[in-house]
Amino acid sequence: MEPWQEMLMENQDLYQERQKGEQPSEAGAARIEPLQKGSPLNHGVDQPEPQGEGRNAQEKGEKLGQGDTPSQETANPTQQLQTGISRVGSPEQEVTPKGQDPGPTLNHPVLEGDGNTSGGEEMPRVFQRGAKEEAEPPEEGRCEEALMGELSELVQQVVKRSSWWERHGIDDSIIALNFLILPAGFLCLRSNNALLFLLGIFILGIVHHTVTVKGSHLASHNALTESKSWGKVWAIFFLEVCSAFTAEQAYYNHVKLHHGYTNVIRLGDSSTWKLPFLNRYVYMFIAPIAIPVLTPLVALGLLKDVELKTALRTLCWMFLGLYSHYWLLVNVSGFQSVWSALICMLITRSLLAHPYIHVNIFQHIGLPMFSADKKPKRIHLMSLGVLNLPRNALLDWSFGHSIISCHVEHHLFPNLSDNMCLKIKPIVSQYLKKKKLPYNEDSYMSRLQLFLHCYEELMVKAPPITELVGIQ
């Protein structure tokens, strides 16, 4: 019999003995022993146990490897992320939508156990380490979470040093000032002087957009006040009374979808602003005039998705807001006919409708889009899919900094007020640029020319799904 045949038969005998649970024969054990000593799996396992202080040091090292206590440097970002300011998803993250990235965290789960397999045999130490490494996020994911944590800590320090006036008072005062000049607008409409009449139209238009855009936007993010109860009251007032839209649907569509899934296809990709059946010039310059009419009609269509008591409440507040505007035009401004009052309502409510539409599409559409299963971490998602426009006195006053020049900052920290977004803008821009992350900025006219030139690709055809790429 050939030598290799003898070895094969002996190996088969050894295998059968192991299957039966028997100890291998002396000859078989003698052949296995040299292989065990040279096996890489047994390297360092069968070493003699250390004595005295050496053994204690080894035990301490194993405990640190299983669950190290974070140092002050690594603990601070985690503590900052647990505060309300640094919850960079939506400010009211009481309910997280299914599949949504819950936001940054620096705590990684560690696979724990007694190290035993289901068969009762002790798992080799190298296998335990491999299982833990697989359970931990990849190095890239930990790096992205650490970046968001570090940025959140920097912003949190600025917020803590800011007074109430900076956090809420400035924006609240702007909105209050608009209500104070509102009577002057209605009184100017009584004049037969054309300039005073046009001034009245301008005042009412500015007040309307400041209240319905800036006020509603801040209220939906609970950024007007630190009280959640008052925040809900202001949300209903600004959204339903002033804007003629349901508060629940506005919160879900804007805060939960748009902010939770920014530029994610079929979730937060701004597709609600696309009307493919309109050509570019009709959409960009004519359709915005219809916004005051379309807004309450869309709101009525969405009421079927809310509870009956919510729908009744919304209908009552919407009717109160629209009728109050009409009543003031008739009884204060002196309009003699229904149609003249309605036309005046349409003009004042659509005064800034064109930049409103433009801003909403300029700052997201045309930037990288992602599929839901391949979207990056939050800091990359917001730096890639959001764009800032230059400061503009009129739009900053009416729409707010968080919608115009600080939109990137707003998407990273959506519960901050407009003034606080402006205050942290240098920190965010410098940090993203320092970490080689995109910080998208472009002018209003540049984006307008882009959309007029590429309207078919951006607004009609489906946007391409990309991963971590630059601006398309």
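So how do 253-259, 327-333 stack up, highest first, on mean other-Cβ count within 10 Å?
253-259, 327-333
Using a 10 Å cut-off around each Cβ, can you sort Cys242, Cys454, Cys406 from fewest to most neighbouring Cβ atoms?
Details: Cys242 24, Cys454 15, Cys406 28.
So the residues, fewest neighbours to most, are Cys454, Cys242, Cys406.
Would you kindly state how much longer the chain becomes between Ala372 and Leu450 on full extension, computed as 0.36 nm times their sequence separation minus their alpha carbon distance, in nm to one decimal?
Extra length available between Ala372 and Leu450 comes to 25.4 nm.
Compute the length gained on full extension between Lys435 and Leu394: take 0.36 nm times their separation in residues and subtract their Cα-Cα distance, giving the result in nm to one decimal.
Separation in residues times 0.36 nm, less the Cα-Cα distance, equals 11.5 nm.
Which of Ser220, Trp327, Cys188 sits closest to the plus end of the dipole of segment 154-460, meaning its Cα is farthest towards the positive end, when Lys and Arg get +1 and Asp and Glu get -1 on the C-beta?
The listed residue farthest towards the positive side: Ser220.
Arrange Leu303, Leu294 by Cβ neighbour counts within 10 Å, fewest through most, would you?
So the ranking, lowest neighbour count to highest, is Leu294, Leu303.
Can you tell me which of 203-212, 164-173 comes out highest on packing, and rank the rest after it, using the mean Cβ neighbours within 10 Å?
Order by mean packing, descending: 203-212, 164-173.
What list do you get for Arg280, Arg391 if you sort them by fewest beta carbons within 10 Å? Can you show the working numbers first?
On the way: Arg280 16, Arg391 13.
Starting with the residue having the fewest Cβ neighbours, the order is Arg391, Arg280.
Work out the length of the dipole vector of segment 154-460 about its Cα centre, built from +1 on the beta-carbon of each Lys and Arg and -1 on the beta-carbon of each Asp and Glu, and round it to the nearest 20 debye.
760
Can you run phi through the Karplus equation (6.51, -1.76, 1.60; θ = phi - 60°) for segment 362-368 and list ³J(HN,Hα) in whole Hz, with x for Gly and Pro?
Along segment 362-368, the couplings run 5, 8, 9, 6, x, 9, x Hz.
All of the numbers you see were taken from the coordinates with simple rules; none came from a lab. Predicted, not measured: the structure shown is a model, and the values here were computed from it. All Cβ positions, glycine included, derive from the backbone under ideal geometry; neighbour counts span all protein chains shown.
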